[in-house]
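Worksheet: the structure to be examined is printed underneath.
The values are calculated or read from the model by the stated rules, or taken from the named source; none is laboratory data. Small disclaimer: the values here were computed from a predicted structure and weren't measured. Here the Cβ positions follow ideal geometry from the backbone for every residue, glycine too, while neighbour counts run over all protein chains shown.
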Amino acid sequence: MNIKVAKFGGTSMANKEAILKVKDIIQSDPERRFIVVSAPGKRFKGDEKITDLLLASYEEKVNSGDCHIYFAKVRDRFTEIVREFGLTIDINKYLDEVEDNINKSTSCDYAASRGEYLSALVMSEILGFEFVDSAEIIKFNKKGNFDASYTNDLVSKRLSIANGAVIPGFYGTMPDGSIKTFTRGGSDFTGSIIARGVQADVYENWTDVDGFMTADPRIVDNPHIIDFLSYEELRELSYMGASVLHPASIFPLQSTNIPINVRNTFNPSAVGTYILHDTSDKKTSLITGIAGRTGFTTFFVRKALMNNEVGFCRKILSIFEYYDISIEHMPTGIDTMSLIVPNDHLTDGLEFSIIEKIRGEVNPDVIFVYKNIALIAIVGHGMSNQTGTAARVFTALANANINIKMIDQGSSEINIIVGVNGDDLNHAIAAIYHEFF
Ligand code: ASP
């Protein structure tokens, strides 16, 4: 029998109605044996996620010594689910213990992780599956980095003796046994870890959309669903803000052939998006997807005969290294160089000190900073070895009257990145989308 790992996100776990759908999905296929769950998310627009309430509980405890106001909301959500399903679990006993620990412990990660913990306990009774705590099998090293190989051994050993298991997403433990969480949305990553550990045939990631879309639906009406996406394309799109899946999710699966299938709990008949190592034998379009985000600053440097000056780039790069700033892109011309960095690395007017240092080091003819840049990635294996794609992008932008401030094409030819004024982001994405789809 095949093995499927199924991860359900916050909206899928939000209330009885959603959880009943999750239950149906799992029970309709005996291959879905390893279930990873998020904490209950929002039930409606404006509602609060359990993880946010737990973080607020922690803050409340830090500020006032006790978390009873926010924790009462967490308690209500879980007791309601348990009551509505008529479960036998003594949820108040678990809630008391968590509240007590938040009041005693100083760890924010502990508080944040408890939504997944309680959610998995509840779900294991609903399904009649074993509860396997991530604290037992997902490990970080002393430096707080995820310990992939140790974890993989523990996961495969522990789950090889489980027939059906529910595992909480989002956290693991440090060598001293304390809880540590991944970054927000990290239950997706847990799902990948489990899929690798049990050598699943597929990792199903159940969410509340029909799959990855070719563009952000808030910008473009009814964008197409992407049928097949490669790991590389996913990396490019999620870097630019396509947020269906946690960007780290591909790493545990990269050296395996396990596909990720993004699906919709609320529309289970849709086949969703398959994310594969290699999509070369699949029928894909010229462009797989378009994504973009604001929040970048460009340093533009020009100096005549820069191309002949040995060490020019190194001197500039070492200034950014000195200030501990990572450079996201660096398109260069014969006499020009642009360095694109995230705005949030430039607190307290740091750009002025950087300009001064660059002037001192390389004596450029021109240097200026442009602070409100948005980057857009046009991504797709389909465009490698195809002529005319870039021309179509630039024409679409020109026709929409959008000024391009920067162009970069990765050497793998799976993406073209353009920089535009931050205020033009949505308009530019829509123009490119309509050119290709
Ligand atoms: N509950 C956590 C969050 O809201 C992790 C997750 O859902 O993946 O970020």
Got a number for residues in segment 285-337 being assigned to a loop (DSSP other than H, G, I, E, B) and among the aromatic types (Phe, Trp, Tyr)? 1
Scanning segment 8-22 residue by residue, the ones that are over 20 Å from Thr190 (Cβ atoms) and either in contact (Cβ under 8 Å) with a residue 60 or more places away in the chain or among the polar types (S, T, N, Q) (or both) total 3
Within segment 365-406, the count of residues that are assigned to a helix (DSSP H, G or I), touching a Leu at 6+ places or on another chain (Cβ under 9 Å) and within 23 Å of Phe300 (Cα to Cα) comes to 0
Kindly indicate whether any position in segment 288-311 is free of Cβ contacts under 8 Å to residues at least 12 places away in the same chain, surrounded by fewer than 20 Cβ atoms within 10 Å (Cβ to Cβ) and of a type outside the set (A, V, I, L, M). yes
Hits in segment 41-56 - residues which are within 14 Å of the ligand (Cβ to nearest atom) and either farther than 16 Å from Ile19 by Cβ or in contact with a strand residue (DSSP E or B) (Cβ under 8 Å, 6 or more places away or on another chain) (or both): Glu48, Thr51, Asp52, Leu53, Leu54, Leu55, Ala56
Return the pairs, sorted by first residue and then second, in which the second residue is among the aromatic types (Phe, Trp, Tyr) and assigned to a helix (DSSP H, G or I), the first residue lies in segment 344-373 and is surrounded by fewer than 17 Cβ atoms within 10 Å (Cβ to Cβ) and at pLDDT below 90, the beta carbons are less than 7 Å apart, and the residues are 6+ apart or on different chains. none
For segment 144-191, what are the residues that are among the aromatic types (Phe, Trp, Tyr) and within 16 Å of the ligand (Cβ to nearest atom)? Phe146, Phe170, Tyr171, Phe182, Phe189
For segment 230-285, what are the residues that are within 17 Å of Gly186 (Cα to Cα) and among the small types (Gly, Ala, Ser)? Ser238, Gly241, Ala242, Ser243, Ala248, Ser249
Residue hits (segment 241-263; surrounded by fewer than 20 Cβ atoms within 10 Å (Cβ to Cβ) and outside any loop (DSSP other than H, G, I, E, B)) are Pro247, Ala248, Phe251, Asn261
Would you point out which residue out of Ile417, Ile355 is within 30 Å of Glu309 (Cα to Cα), outside any strand (DSSP E or B) and of a type in the set (A, V, I, L, M, F, W, C)? Ile355
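Which of the residues that make up segment 197-216 are away from the ligand (no atom under 16 Å from the Cβ) and not in a loop (DSSP other than H, G, I, E, B)?
Gly197, Val202, Met213 - these are the residues of segment 197-216 that are away from the ligand (no atom under 16 Å from the Cβ) and not in a loop (DSSP other than H, G, I, E, B).
Okay, residues lined up against (1) within 21 Å of the chain's Cα centre (by Cα); (2) assigned to a helix (DSSP H, G or I):
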| site | (1), (2) |
| --- | --- |
| Lys42 | yes, no |
| Asp47 | no, no |
| Ser57 | no, yes |
| Phe71 | no, yes |
| Arg75 | no, yes |
| Thr79 | no, yes |
With the first residue restricted to segment 37-66 and required to be loosely packed, with under 14 Cβ neighbours inside 10 Å, and the second required to be of a type outside the set (D, E, K, R), Cβ contacts under 6 Å at 6 or more apart or on different chains are Asp66/Asn103
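Is it the case that segment 85-96 has a residue that's under 24 Å from Asp188 (Cα atoms) and surrounded by 13 or more Cβ atoms within 10 Å (Cβ to Cβ)?
No, the conditions are met nowhere in segment 85-96.
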Take segment 130-177 and flag every residue that is part of a helix (DSSP H, G or I) and hydroxyl-bearing (Ser, Thr, Tyr). Ser134, Ser149, Tyr150, Thr151, Ser156, Ser160
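Can you go through Ile219, Ile194 and tell me which one is surrounded by fewer than 23 Cβ atoms within 10 Å (Cβ to Cβ), away from the ligand (no atom under 13 Å from the Cβ), of a type in the set (A, V, I, L, M) and not in a strand (DSSP E or B)?
Of Ile219, Ile194, the one residue that is surrounded by fewer than 23 Cβ atoms within 10 Å (Cβ to Cβ), away from the ligand (no atom under 13 Å from the Cβ), of a type in the set (A, V, I, L, M) and not in a strand (DSSP E or B) is Ile219.
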